[in-house]
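Trainee: Below is the structure I would like to discuss, written out as C-alpha cells.
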Amino acid sequence: MGGFDFNRYWKERRELVNRGLDKFLPADSPGPQILTEAMRYTLFAGGKRLRPLLAIIGYELSGGNDLENELLPVACGIEMIHTFSLIHDDLPAMDNDDFRRGKPTNHKVFGEAIAILAGDALFGHAFYVMVRSTAPSERVIETIREITDAIGLDGMLGGQVADVTGEKKPPSKELVQYIHSRKTGKFIRASLKVGGIIAGADTGTIKVFHEVGEKIGLTFQIVDDILDEIGEKDKLGKSVGKDRESGKQTYVRIYGLEEAKHRAKELAESAIEQINSHFGVEKGLPLISLTKFIVERNF
Ligand code: GRG
C-alpha cells in the first residue's frame with residue numbers, strides 16, 4: 001500500500017486513453033479534413049482525462065481483465081462526449097469563453113460553424129466508438145443507457161438549461177443543487193458506474209459506485225466553483241471569475257467560500273469512508289487517491 005504512486009498510475013492510464021483517442025479518431029479519418037482537425041484540436045488540447053480514469057478504476061475494481069478491448073472504447077467515448085460539451089459550453093451563445101485547456105477555444109480557431117459541427121461530430125462519434133467494446137452486448141447496452149440518461153433531459157443537458165436560465169436569478173440552494181448534480185455530477189457518476197457495468201460487477205458494487213460517484217461528482221463541481229473564484233488562469237487553462245460576472249448559481253455565491261470548501265471536504269471524506277468500507281483501504285487506493293485529488297486540486 002505504501003508503494004502506491006497515484007501520479008504514475010494516472011499518467012499510465014492517461015497515456016492509454018490518449019493512444020485510444022488517437023486510434024478511434026485518427027488524423028486521417030474519412031470525411032472533411034477540417035472537421036477531424038477541429039475535433040482533434042480540443043480533444044488533444046490537454047484534458048485531465050478524469051472521466052475515463054473513473055471508468056478505468058470502476059472496471060479494475062470490479063475485476064475487469066481486458067481493459068484495451070472491453071473498456072477503452074467506452075472510456076474514449078466518454079472523453080469525446082465531455083470534450084463536445086466543453087466546445088459547446090464555450091460558444092458565444094453559452095459561456096462565450098476564449099480559453100479552454102490552455103488554448104484558444106475551438107470557435108476562436110475554427111469559427112462558430114465548424115466548432116458547433118465539431119462538437120456534434122464528437123457527440124455522434126462517441127457512440128460509434130463505444131459500441132466497439134467487446135464486452136457482452138447487454139453490458140454495452142446498459143452502459144449506453146446509463147450514459148444517455150446522464151447527459152440527457154434530466155442530466156447534463158437539463159443541468160445546462162437550468163444553468164443558463166438561472167443566471168441572475170436570486171440565489172437558490174435547490175437550484176444550485178439541481179444544476180450541479182445534473183450538469184456535471186451525473187456524468188461523473190455514470191463514468192465510474194459504467195466501468196463496473198462493463199466488467200459485470202455485482203449489484204452491491206454498482207450501488208456503491210452510484211453513491212460514491214454522486215459524492216465525487218458534486219465535490220468536483222463545488223471545487224470548480226471555488227477555483228472560478230480563487231484559481232489561477234494559467235494553471236486552470238481557462239478564464240476565471242466568469243461565474244460571478246455572469247451571475248451564475250454557484251456554491252460560493254450561495255454558501256460563501258469557506259462553507260463551500262467545508263462542504264466539498266465533507267463530501268470527499270464521506271466518499272472515501274464508503275470506498276474504504278466496501279473495498280478496503282488497499283484495493284480502494286486508486287479511487288481514494290482520485291477523490292483526494294478532486295477535492296485538493298488547483299487545476
Ligand atoms: C451533452 C447533450 C449534451 C449537451 C451539452 C454544453 C452542454 C450541453 C453542457 C455543458 C456541460 C459542461 C461544460 C459542464 C462543465 C463541466 C466542467 C466543470 C468541466 C471541466 O472539466 P475538467 O476539469 O476539464 O475535467 P478537462 O479539460 O481537464 O477535461
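Trainee: Where the second residue is at pLDDT 95 or above and surrounded by 21 or more Cβ atoms within 10 Å (Cβ to Cβ) and the first is closer than 13 Å to A38 by Cα and of a type in the set (D, E, K, R) and lies in region 117-132, which pairs have Cβ atoms under 8 Å and are six or more apart or on separate chains?
Mentor: D120/F84
Trainee: Further, regarding this structure: Given (1) more than 10 Å from the ligand (Cβ to nearest atom); (2) on the phi < 0 side of the Ramachandran plot; (3) in a loop (DSSP other than H, G, I, E, B), identify the lone condition not met by K48.
Mentor: So the condition that K48 fails would be (1).
Trainee: Also: Please tell me if V176 is in a helix (DSSP H, G or I), away from the ligand (no atom under 15 Å from the Cβ) and surrounded by 15 or more Cβ atoms within 10 Å (Cβ to Cβ).
Mentor: So V176 fails the test.
Trainee: When you look at E296, is it free of Cβ contacts under 8 Å to residues at least 12 places away in the same chain, under 19 Å from the mean Cα position of the chain (by Cα) and within 16 Å of the ligand (Cβ to nearest atom), yes or no?
Mentor: yes
Trainee: Any idea how many residues of region 58-92 are among the hydroxyl-bearing types (S, T, Y) and within 13 Å of the ligand (Cβ to nearest atom)?
Mentor: 2
Trainee: Something else now. When region 96-142 is examined, which residues are found to be out of contact with any strand residue (DSSP E or B) (no Cβ under 7 Å at 6 or more places or on another chain) and polar (S, T, N, Q)?
Mentor: N96, N106, S133, T134, S137
Trainee: While we're looking at this one, here's another question. Within region 155-173, take every residue that is over 11 Å from K248 (Cα atoms) and assigned to a helix (DSSP H, G or I) and give me the one that is farthest from the ligand (Cβ to nearest atom).
Mentor: Restricting attention to region 155-173, the residues satisfying the condition of being over 11 Å from K248 (Cα atoms) are 155-161, 173.
From what is left, the residues that are assigned to a helix (DSSP H, G or I) are 156-161, 173.
Details: M156: 4, L157: 4, G158: 9, G159: 7, Q160: 4, V161: 8, K173: 20 Å.
Ranking the candidates gives K173 first.
The values are calculated or read from the model by the stated rules, or taken from the named source; none is laboratory data. On a predicted model such as this, the values are computed, not experimentally measured, just so you know. Positions of Cβ are backbone-derived with ideal geometry, glycine not excepted, and every protein chain shown enters the neighbour counts.
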